[in-house]
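Working notes, beginning with the structure itself.
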Amino acid sequence: MKTTVGVGDLHVSENPGDIIITYALGSCLGISVYDPVESVGGLLHVMLPLSKADPEKAKLKPAMYVDTGLGILLDRCFSLGATKKNMIISVAGGASMKKTEDDDYFKIGKRNFTTFRKLLWKNGFMIEHQDVGGNISRTMALRLSDGLVTINKQPIGSACVSGTAGSIGLGIGCRV
């Protein structure tokens, strides 16, 4: 079954027939987590780095923020049997949707990615694959049968190098 994750939302599954997809990752981040041993995974679409910017909104939509959404994603995967040591974490988005970096005053994409990396580091996780930055919108999908993560419907293949201009591509589309 194909499940679409909207902005500020997430979905977790243990069904090998599921594909979880999210669209319009500009400055937002798509964060996928997959445990290949338990075949459990999930996808989160965050919009902003820190929930303290609007605590009331964060109570209503915690998946909108990197700092609150990531914890929920991980907890839900753990509740389905995933383990920290098996977690494969991929991230995409974090773009600047302005023509030049100087025009991107708030640098939301960069701040989202920095917050994400800091949270992972503090909690002993590593990013396995990333396709972030640049100035393009991305679509990210996670296939639960084998953990394949694709960006813009393109599995990158065994070379595991992204061809997206202006991005840091380190293996999105690689089999895990």
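Cα centroid distance between region 1-57 and region 64-122, in Å?
10 Å
Using 0.36 nm per residue, how much length does the chain from residue 53 to residue 37 gain when fully extended, once their Cα-Cα distance is taken away?
2.0 nm
Going by the alpha-carbon gyration tensor, a ≥ b ≥ c the square roots of its eigenvalues, is region 99-144 rounded (a/c under 1.5) or, if a/c is not under 1.5, prolate (a/b greater than b/c) versus oblate?
oblate
Rounded to two decimal places and with Rh computed the Kirkwood way over Cα pairs, what is Rg over Rh for region 41-116?
Details: Rg = 14.1 Å, Rh = 13.6 Å.
Result: Rg/Rh = 1.04.
Treating only the Cβ atoms of Lys and Arg (+1) and Asp and Glu (-1) as charged, compute the dipole magnitude of the chain about its Cα centre; round to the nearest 20 debye.
240 debye
What area, in nm² and to one decimal, does the C-alpha convex hull of region 2-169 cast on average over all directions?
Working: hull surface 37.1 nm².
Quarter of the Cα hull surface area: 9.3 nm².
I'd like the Karplus ³J(HN,Hα) series for region 77-91: coefficients 6.51, -1.76, 1.60, θ = phi - 60°, whole numbers in Hz, and an x wherever there's a Gly or Pro.
Here the 3J(HN,Hα) series is 5, 4, 5, 9, x, 5, 10, 4, 5, 9, 5, 10, 10, 10, 9 Hz.
Just to confirm a number: summing +1 for Lys and Arg and -1 for Asp and Glu over residues other than residue 77 whose beta-carbon lies under 10 angstrom from that of residue 77, what do you get? Provide the component values of the computation, followed by the final result.
On the way: positive: 76, 84; negative: 14, 35, 38, 75.
Taking every other residue near residue 77 into account, the sum is -2.
Would you mind getting me the FRET efficiency between residue 79 and residue 105? Use the beta-carbon distance for r and R0 = 30 Å, nearest 0.05.
E between residue 79 and residue 105, to the nearest 0.05, is 0.15.
Bear in mind these aren't lab numbers, they're just calculated from the coordinates by the rules spelled out. Quick caveat: nothing in here was measured; it's all calculated off a predicted structure. No Cβ is skipped: glycine too gets one built from the backbone with ideal geometry, and neighbour counts run over all protein chains shown.
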